[in-house]
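The values are calculated or read from the model by the stated rules, or taken from the named source; none is laboratory data. Everything quoted here is computed from the prediction, not taken from an experiment. Cβ sites come from the backbone with ideal geometry, for glycine too, and all protein chains shown count toward neighbours.
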Protein chains: 4
Amino acid sequence: MDYQKIINEIYTQVQTEDNKGKVASYIPELKKVNSSKFGINLSTLSSNTFSVGDSNEKFSIQSISKVFSLTLALKLIGEKLWKRVGVEPSGDPFNSLVQLEFERGIPRNPLINSGALVVSDILLSKLKKPKEDFLNFVQKLANNQNISYNSNVVASEKKLGFKNAAHVNLMKSFGNIKNNIDEVLDFYYHMCSLEMTCEELSKTFLIFANGGMLPYTKERVISLSISKRINATIQLCGLYDEAGKFAFKVGLPGKSGVGGGIVAIHPGKYCITVWSPKLNKKGNSSRGVKVLELFTTNTEASIF
Amino acid sequence: MDYQKIINEIYTQVQTEDNKGKVASYIPELKKVNSSKFGINLSTLSSNTFSVGDSNEKFSIQSISKVFSLTLALKLIGEKLWKRVGVEPSGDPFNSLVQLEFERGIPRNPLINSGALVVSDILLSKLKKPKEDFLNFVQKLANNQNISYNSNVVASEKKLGFKNAAHVNLMKSFGNIKNNIDEVLDFYYHMCSLEMTCEELSKTFLIFANGGMLPYTKERVISLSISKRINATIQLCGLYDEAGKFAFKVGLPGKSGVGGGIVAIHPGKYCITVWSPKLNKKGNSSRGVKVLELFTTNTEASIF
Amino acid sequence: MDYQKIINEIYTQVQTEDNKGKVASYIPELKKVNSSKFGINLSTLSSNTFSVGDSNEKFSIQSISKVFSLTLALKLIGEKLWKRVGVEPSGDPFNSLVQLEFERGIPRNPLINSGALVVSDILLSKLKKPKEDFLNFVQKLANNQNISYNSNVVASEKKLGFKNAAHVNLMKSFGNIKNNIDEVLDFYYHMCSLEMTCEELSKTFLIFANGGMLPYTKERVISLSISKRINATIQLCGLYDEAGKFAFKVGLPGKSGVGGGIVAIHPGKYCITVWSPKLNKKGNSSRGVKVLELFTTNTEASIF
Amino acid sequence: MDYQKIINEIYTQVQTEDNKGKVASYIPELKKVNSSKFGINLSTLSSNTFSVGDSNEKFSIQSISKVFSLTLALKLIGEKLWKRVGVEPSGDPFNSLVQLEFERGIPRNPLINSGALVVSDILLSKLKKPKEDFLNFVQKLANNQNISYNSNVVASEKKLGFKNAAHVNLMKSFGNIKNNIDEVLDFYYHMCSLEMTCEELSKTFLIFANGGMLPYTKERVISLSISKRINATIQLCGLYDEAGKFAFKVGLPGKSGVGGGIVAIHPGKYCITVWSPKLNKKGNSSRGVKVLELFTTNTEASIF
């Protein structure tokens, strides 16, 4: 299949359409981005990579980093993780604090904010130098040293992160946060601030298309079983309350971030990343969802 | 792969374990079933079928029928369906009426009771002889005339179906039910009362493993795209608020019913059905979930 | 205090102001009322009565009848009532079905619809000729035979009462409705359809200003303790989710109905009724609330 | 009426009954109290005071202080307060964060924690030396310099006050907290840590029985209208989700604290305070509720 031709055509088609949605505004640093940025990259397990548009420009991956922290936590403590966080879709966003209160501080899954905060807390307890160790882990998955935190984004999130502070305090009141609240938030904001290009992100996710083994070094980082389970979690929980529609229209596990990135995994084949900063009402990149829908329709790709 | 040996071994293993859970009690007719019944069938697209235990005994498929009514409704009215019912996982069961009220009578998805009631209402408006036409449709998917409603189960459900009546009345108050309430409930209870064996159920679901084409007659009943979308909906919504755990542990789209049946689909390959009447706390067959987990672990089957 | 002068002045003032709000539209029969109707009556325990405007025209008292059914139920079964219905304010209206589901079919209080439906069910079990016996009871409280049900309003409510049917079915699913659902709804709609004038309503409520004794015949119908408790319930639950604001601004126990009536009780002194059909967003008569606020401000009347 | 005899008899009766409930445990400092402490005081507008038991021992008044902060805020900014906090009962406790999220950071009323945190924020913006000025205001209402904060209780609450921190962060995310979060919490915990005896508390509340005028100095601190409105708010919101039952059984406006104190107001007559540290499931003093119920039953006191 001529992936380069296919993504070029989709890029051109979507480029001519209205660029709908809004850049994330609650993190001031993210508002500075040029909203017309638009890039696509597809990287295969057979070491091919196809790019179009702004696919080699760094952007803030935000919630996409939750997949890396989950992976590291599962590697470190295994199934015990699921005593402190669930694995079910979260339903409607207005429910977030509702469910957290009703379920006594156990977040619905590790890919929503409250769940990722618990994962951060777990990593804080296990890692010697949490921020350094986590960055090293991501660089290893990426096979790339040129990945780093953005301290301006960290500072910007901290300044206005009252809702995250509400979540972490509520969970601490139920005993589901063990470390100091400010340290948990600081670590969490660092992870969210990671910057990558489309190509880097596709390549970093290839481990999940490859059953838990690094495609570059053949090193097994996580077991096949854990790798599949991470994909299942991404499929059910990766796009917040648009997960059903995404599974329905795109048919691949995908994870989005408010920086405008979305990455999707075709197990056994490739990963594809789109970046376009304007978000739809559900908080997912408008063009990103559109591109992936066209891509899987045109190529008949789907896990279903 | 020697499927017969694998299911035999799993059957033997699970048979020796404690038969946990409770037979559904809110439908008196279902309580009469022998709780030690236990059957497995796997049927492939290549026309092989493998059985063990009570796999040729009829049982009440209950909510599994929601997949057939969804399929027929999509065939009849297509994408318009999604104006009256959503496609997102429903979250916690305690939310059902909450969300229905909050979202002004639009059910979360077509595989929960409220959603299936809307689908029933749609079919009632479109079919000339609703009960007869629906039964014919299922018999066609099954390639089998020996499938019918159980009128005792219908009567039993009607007598105590106050919660379903609450749902349908609430949706009618929001204008999302067009037909007479008693007729909607009567049709809905008939669909739930369908009886099949494990083998019949596996074979009836093969159309979804086969991209929408009947494997026996090669007749295309629904498009490839609709078939994939039904699988996606089943994956995300098929096991109520255990959907995440099921995706995580089993890794295949699956649909359960309170009669103790669960059927799972491996696209391009086969369908596998388990029947065991005792249900776990989430309302899904305890042994059914266990068998499917062992099966996909032992065979490394997974869409992820 | 010159009550006639005070209510005349308030009537004139409010009459000149914009007549805001909307006539209740969900009961077609109620929409037919002339929205400019406006009457006030104050009747004292010392047998004086003061009227202005349309105070001798019959209107549909609707939910105000819930106070009479509560009174009769407490007279018949006493404190046992509180096993089947609570006595706390209901909070926000969007919560109604939420709370009913969460609290397993026990309504928050007897003055919201679900609570009054349980009270209807109790009366149905206790009265020989429920509709006749209830009407006789109200006529006795009113010292007036000229009070009756309006069968057009009953028919109109039945036709579109899907939300009430949802409530009663949900409660039946939890075992908190003992009688046939259609009979409960029929009796409930009859009670809501009672018609009275402002003067009749003030006089019927005098028993609650008089500690449970009929002011005309000196007959004790309920104990002093029950009479006070009914007033407390009216104070906390009488105006749905505007109860707090009403207590705050008016300072007397009051009960409203969607027909546009509101009656307030000054224990030991008098009852005052206002009728004006246009309702505010909380479902209470706009002019009714305004008149009572001016009245208690001008006369410095308040139980606080 | 011989109040001394009445409270003596009630004290003796309740003393012989089982001392049910649990001392508040989430504030370690409060757990140290002797759970058998039990005192009653009634103080009248005619300058009489009647005591029994441990009525002259200081205890932590906790949430009862919310009435003083509300009074001072209304005095300082008047009706503008109601733009930032509601005046309706809060319904069920499990709803607290639900409602706060649903109503976008506007707490239900000023007597629940979230509402009192907003009031603290308002006072912080208006007072020059908040802690000193507030203490002076309470001492003035009490006509007593011997009232102070307990810094051990402040420290103890801060250490484990994660739920309050969750509330204040959530409100800040909606823009309904203007000051620094730590300062708001520090001020709030100081107010909660005030210590008084039963007699001091009764006397401090006499201003609300006296229409807003200090009974000792005849100084008018707040208007008659505001005084009545505070009483109405106390009646509807003073005992959390037991407000309805308290209005029903006791029939007077009352405010409780987790330190085991409850004070009730009989407008125009007196205030009565009970202190007993063991709390019922709703968080109100078990013996306190019992004593007040017996008192108003025996004396036929009630505003209804």
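Any idea which residue in segment B:72-85 is farthest from B:Ser35 (Cα to Cα), counting only those that are in contact with a helix residue (DSSP H, G or I) (Cβ under 6 Å, 6 or more places away or on another chain) and touching a residue at least 60 places away in the same chain (Cβ under 8 Å)?
B:Arg84
Determine whether segment D:223-246 contains at least one residue that is closer than 30 Å to C:Glu103 by Cα and among the basic types (Lys, Arg).
Yes, because at least one residue in segment D:223-246 is closer than 30 Å to C:Glu103 by Cα and among the basic types (Lys, Arg).
Mind checking whether some residue in segment C:233-254 is under 27 Å from C:Asp2 (Cβ atoms), away from chain D (no Cβ under 14 Å), touching a strand residue (DSSP E or B) at 6+ places or on another chain (Cβ under 8 Å) and part of a loop (DSSP other than H, G, I, E, B)?
No, the conditions are met nowhere in segment C:233-254.
Test each condition in (1) buried (at least 24 other Cβ atoms within 10 Å of the Cβ); (2) over 25 Å from D:Gly244 (Cα atoms); (3) in contact with a Leu (Cβ under 9 Å, 6 or more places away or on another chain) for C:Gly161 and report the one that comes out false.
(1)
Yes/no matrix, rows are residues, columns are (1) at pLDDT 95 or above; (2) within 20 Å of the chain's Cα centre (by Cα); (3) over 26 Å from A:Val154 (Cβ atoms); (4) of a type in the set (A, V, I, L, M, F, W, C):
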| position | (1), (2), (3), (4) |
| --- | --- |
| A:Leu42 | yes, yes, yes, yes |
| A:Phe50 | yes, no, yes, yes |
| A:Ser55 | yes, yes, no, no |
| A:Phe59 | yes, yes, no, yes |
| A:Ser65 | yes, yes, no, no |
| A:Ala73 | yes, yes, no, yes |
| A:Asn95 | no, no, yes, no |
| A:Asn109 | no, yes, no, no |
| A:Leu117 | yes, yes, no, yes |
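Kindly establish whether D:Leu42 is over 15 Å from D:Pro107 (Cβ atoms), hydrophobic (A, V, I, L, M, F, W, C), in contact (Cβ under 8 Å) with a residue 24 or more places away in the chain and surrounded by fewer than 24 Cβ atoms within 10 Å (Cβ to Cβ).
no
Residues to consider are D:Val98, D:Val119, D:Val85; find the one that is closer than 23 Å to C:Cys237 by Cα, β-branched (Val, Ile, Thr) and touching a Leu at 6+ places or on another chain (Cβ under 8 Å).
Criteria check complete, one pass: D:Val98.
Is at least one residue of segment A:121-139 polar (S, T, N, Q) and either crowded, with 22+ Cβ neighbours inside 10 Å or at positive phi (or both)?
Looking through segment A:121-139, none of the residues is polar (S, T, N, Q) and either crowded, with 22+ Cβ neighbours inside 10 Å or at positive phi (or both).
Return yes or no: is C:Val67 touching a helix residue (DSSP H, G or I) at 6+ places or on another chain (Cβ under 9 Å), within 14 Å of chain D (Cβ to nearest Cβ) and either outside any loop (DSSP other than H, G, I, E, B) or on the phi < 0 side of the Ramachandran plot (or both)?
yes
Before we move on, is D:Leu100 more than 14 Å from chain C (Cβ to nearest Cβ), in contact (Cβ under 8 Å) with a residue 60 or more places away in the chain and either farther than 21 Å from D:Val258 by Cα or in contact with a Pro (Cβ under 8 Å, 6 or more places away or on another chain) (or both)?
Here the answer is no, as D:Leu100 does not meet what is asked.
Pull out all pairs, ordered by first then second residue, where Cβ-Cβ is under 6 Å, the residues are six or more apart or on different chains, the first lies in segment A:145-159 and is within 17 Å of A:Glu57 (Cβ to Cβ), and the second is at pLDDT 95 or above and not aliphatic (A, V, I, L, M).
A:Ile147/A:Gln139; A:Asn150/A:Ser193; A:Asn150/A:Glu195; A:Val153/A:Ser60; A:Val153/A:Ser193
If you scan segment A:272-283, which residues turn out to be touching a Phe, Trp or Tyr at 6+ places or on another chain (Cβ under 9 Å) and either modelled with pLDDT under 95 or closer than 20 Å to A:Lys203 by Cα (or both)?
If the condition is that a residue be touching a Phe, Trp or Tyr at 6+ places or on another chain (Cβ under 9 Å) and either modelled with pLDDT under 95 or closer than 20 Å to A:Lys203 by Cα (or both), then A:Ile272, A:Thr273, A:Val274, A:Trp275, A:Ser276, A:Lys282, A:Gly283 are the ones that fit.
Of all residues in segment A:120-165 being among the basic types (Lys, Arg) and within 30 Å of D:Asn179 (Cβ to Cβ), which is farthest from the chain's Cα centre (by Cα)?
So the residue we want is A:Lys159.
Take segment D:255-288 and flag every residue that is closer than 20 Å to D:Ala209 by Cα, within 14 Å of chain C (Cβ to nearest Cβ) and crowded, with 24+ Cβ neighbours inside 10 Å.
Once the filter is applied, which keeps residues that are closer than 20 Å to D:Ala209 by Cα, within 14 Å of chain C (Cβ to nearest Cβ) and crowded, with 24+ Cβ neighbours inside 10 Å, segment D:255-288 yields D:Lys255, D:Ala264, D:Ile265, D:Cys271.
Which residues, taken from segment B:180-223, are surrounded by fewer than 17 Cβ atoms within 10 Å (Cβ to Cβ) and closer than 21 Å to B:Gly86 by Cα?
Answer for segment B:180-223, where residues must be surrounded by fewer than 17 Cβ atoms within 10 Å (Cβ to Cβ) and closer than 21 Å to B:Gly86 by Cα: just B:Ser223.
Against the definition (at pLDDT 95 or above, surrounded by fewer than 24 Cβ atoms within 10 Å (Cβ to Cβ) and not β-branched (Val, Ile, Thr)), how does B:Glu242 come out, yes or no?
No, not satisfied.
Residue by residue, here is whether (1) outside any helix (DSSP H, G or I); (2) over 19 Å from C:Asn231 (Cα atoms) holds:
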{"residue": "C:Leu81", "(1), (2)": "no, no"}
{"residue": "C:Gly86", "(1), (2)": "yes, no"}
{"residue": "C:Gln99", "(1), (2)": "no, yes"}
{"residue": "C:Ile106", "(1), (2)": "yes, yes"}
{"residue": "C:Gly115", "(1), (2)": "no, no"}
{"residue": "C:Val119", "(1), (2)": "no, no"}
{"residue": "C:Leu123", "(1), (2)": "no, yes"}
{"residue": "C:Lys131", "(1), (2)": "no, yes"}
{"residue": "C:Asn136", "(1), (2)": "no, yes"}
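Just to verify a result, which residue in segment A:1-32, among those that are basic (Lys, Arg) and assigned to a helix (DSSP H, G or I), is surrounded by the fewest Cβ atoms within 10 Å (Cβ to Cβ)?
Among those that are basic (Lys, Arg) and assigned to a helix (DSSP H, G or I), it is A:Lys5.
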